[in-house]
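Peer 1: I am attaching a structure below and will ask some questions about it afterwards.
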Amino acid sequence: PVRVETVRQGSLQEKIQLPADILALSDVKIIPTFLGRIESFYVKEGDLVSAGDKLFKYMGPAEGDQDFFDDLIVRSPIDGVVSSILKDVGAKAEKDIPIMSVAAISQVKAVVDLPSEYNTLLSPGTSAELVVDAYPGKIFAAKLKTLRPQIDTSSRTTYAEFNVSNPEHILLPGMSGTITFKSSAYGSGVIVPMESIFVQNDQAYVFINNKGLAKKRKVKVIQEGVEEAVVQGELSAGMQVLSTRADTLQDGDSIVIVK
């Protein structure tokens, strides 16, 4: 007993969905260059700021003296959102220790761990759609920016980064969602199930249904997907390939088709 599928002519393009995490395009840490004491904040976590806006005020010491003098106002270096405040009013502002951070979010990154089998299906510029858990009915356009040419040996994934325009500043770092994209299509041939292909002595084969007999046919794999592949060879559209038990059969075996 075997299952069969009718092969079709074309190119392979798969729809793929993966979990994604939202990150700021950049996250700037605000770090004092000398000792002081924080006097007041002009912002709170979550506030949107523009470059030049006041962030906080602290008092700095006179050179060679421990007495504090002169209020110093620190301003935002970028447009963004105050993503964290790490000190309280009255606390020491210590050299090289961050007081707060400002994240640029007019454009954000949606990052995914891409399973290695998808690695050849994407290229920079691939369009995608992002849906986040906080706004389930809203679709955000995304484009693939970075695909690292390295596979993690433990997870068998690679890092992929999609850029997402966020002019309304409603996508925030730490949100999660789903990226949906279609794989790149290349090559043409007939499309068969991945499980119908088996390899013997470095040659790929499939079995077709020939009037109740399993007939072995040579193929060349042009493009592999997750569930299907594009092949060329001794096949044509409309033929039935065996989609189960392909590697356990012999050429000419009798078969019974089941659903």
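The values are calculated or read from the model by the stated rules, or taken from the named source; none is laboratory data. This one's a predicted model, so the numbers in the text were calculated from it and none came from an experiment. Quick reminder, even Gly has a Cβ in these numbers, built from the backbone with ideal geometry, and neighbours come from all protein chains shown. Keep in mind that these areas ignore ligands, DNA and RNA; they rest on the heavy atoms of the full protein, side chains included. Shrake-Rupley method; radii C 1.70, N 1.55, O 1.52, S 1.80 Å.
Peer 1: Report, in whole Å, the centroid distance computed from the Cα atoms of region 1-48 and region 104-174.
Peer 2: Taking the Cα centre of each part, region 1-48 and region 104-174 sit 6 Å apart.
Peer 1: Something else now. Per residue, how many Å² of accessible area does region 157-256 show with a 1.4 Å probe?
Peer 2: Numbers: 4870 Å² over 100 residues.
So region 157-256 comes to 49 Å² accessible per residue, rounded to a whole number.
Peer 1: Explain nothing, just compute: Karplus ³J(HN,Hα) = 6.51 cos²θ - 1.76 cosθ + 1.60, θ = phi - 60°, for every residue of region 15-20 in order, whole Hz, x for Gly and Pro.
Peer 2: 9, 10, 10, 9, x, 9
Peer 1: Excluding Lys15 itself, what net charge comes from residues whose Cβ is under 13 Å from its Cβ, given Lys and Arg +1 and Asp and Glu -1? Spell out each step's value before the answer.
Peer 2: Numbers: positive: Lys182; negative: Glu14, Glu129, Glu227, Glu228.
Around Lys15, the charge tally is -3.
Peer 1: Once neighbouring chains are kept in place and the probe is 1.4 Å, which whole percent of the accessible area of region 121-199 is contributed by carbon and sulfur? Walk me through the numbers on the way to the answer.
Peer 2: Working: 2180 of 4060 Å².
On region 121-199, the fraction of accessible area on carbon and sulfur atoms equals 54 percent.
Peer 1: Can you list residues whose amide H is under 5 Å from Leu72's amide H, if they're 5+ apart or on another chain and H is modeled 1.01 Å from N?
Peer 2: Here the answer is Tyr58, Met59, Gly60, since their amide H atoms fall under 5 Å of that of Leu72.
Peer 1: Quick one: what are the phi-derived ³J(HN,Hα) couplings along region 125-137, Karplus 6.51/-1.76/1.60 with θ = phi - 60°, whole Hz, x for glycine and proline?
Peer 2: x, 4, 7, 8, 10, 10, 10, 9, 4, 6, 10, x, x
Peer 1: How are the C-alpha pair distances of the chain spread across 5 Å bins, as whole percents from the shortest bin up?
Peer 2: 1, 6, 11, 11, 10, 9, 9, 8, 7, 6, 5, 4, 4, 4, 3, 2, 1, 1, 0, 0
Peer 1: Across region 147-156, in residue order, what do the Karplus-derived ³J(HN,Hα) couplings come to in whole Hz, using 6.51 cos²θ - 1.76 cosθ + 1.60 with θ = phi - 60° and x for Gly and Pro?
Peer 2: My calculation for region 147-156 gives 9, 5, x, 8, 9, 5, 5, 8, 9, 6 Hz in order.
Peer 1: Given Cβ point charges of +1 (Lys, Arg) and -1 (Asp, Glu) and nothing else, what value in debye, to the nearest 20, does the dipole of the chain about its Cα centre take?
Peer 2: Values: 27 positive and 33 negative charges, 271 e Å.
Computed about the Cα centre, the dipole is about 1300 debye.
Peer 1: Here's a follow-up. Would you tally the net charge around Tyr159, using a Cβ to Cβ cut-off of less than 15 Å, leaving Tyr159 out, and scoring K and R as +1, D and E as -1? The partial results should precede the final answer.
Peer 2: Details: positive: Lys109, Lys145, Arg148, Arg156; negative: Asp21, Asp113, Asp152, Glu161.
Once all neighbours under 15 Å are counted, the net charge is 0.
Peer 1: Here's something else I'd like to know. Would you grab the residues whose amide H sits under 5 Å from the one on Tyr42? Only those 5+ places off in sequence or on another chain, please, with H modelled 1.01 Å from N.
Peer 2: Result for Tyr42 returns Phe56, Lys57.
Peer 1: Once R0 is set to 35 Å, what does the formula 1/(1 + (r/R0)^6) return for the Cβ-Cβ distance between Ile97 and Glu14, expressed as a FRET efficiency to the nearest 0.05? Before the final figure, lay out each step's value.
Peer 2: Numbers: r = 48 Å, r/R0 = 1.38.
With a Förster radius of 35 Å, E is 0.15.
Peer 1: Can you give the charge dipole size of region 199-259 about its Cα centre, rounded to the nearest 20 debye, using +1 on the beta carbon of Lys and Arg and -1 on the beta carbon of Asp and Glu?
Peer 2: Value, rounded to 20: 280 debye.
Peer 1: Per 10 Å bin from zero, what fraction in whole % of the C-alpha pairs of region 154-259 is there, up to the bin with the longest pair?
Peer 2: Taking all Cα pairs of region 154-259, the binned fractions are 12, 34, 22, 15, 11, 6, 1 percent.
Peer 1: Rolling a 1.4 Å sphere over the protein heavy atoms, what is the accessible area per residue of region 41-152, to the nearest Å²? Show your work: numbers first, answer last.
Peer 2: On the way: 6190 Å² over 112 residues.
Dividing the accessible area of region 41-152 by its residue count gives 55 Å².
Peer 1: I want the local charge near Ser116. Using Cβ-Cβ distances under 14 Å, sum +1 for each Lys or Arg and -1 for each Asp or Glu among the other residues. Write out the running numbers ahead of the final one.
Peer 2: Values: positive: Arg148, Arg156; negative: Asp113, Glu117, Asp152, Glu224.
That sum, taken over residues with Cβ under 14 Å, equals -2.
Peer 1: If you don't mind, there's one more thing I want to ask. Under a point-charge model restricted to the Cβ atoms of Lys and Arg (+1) and Asp and Glu (-1), what is the dipole moment magnitude of region 16-148 relative to its Cα centre, in debye to the nearest 20? Walk me through the numbers on the way to the answer.
Peer 2: Working: 14 positive and 19 negative charges, 84 e Å.
I would put it at about 400 debye.
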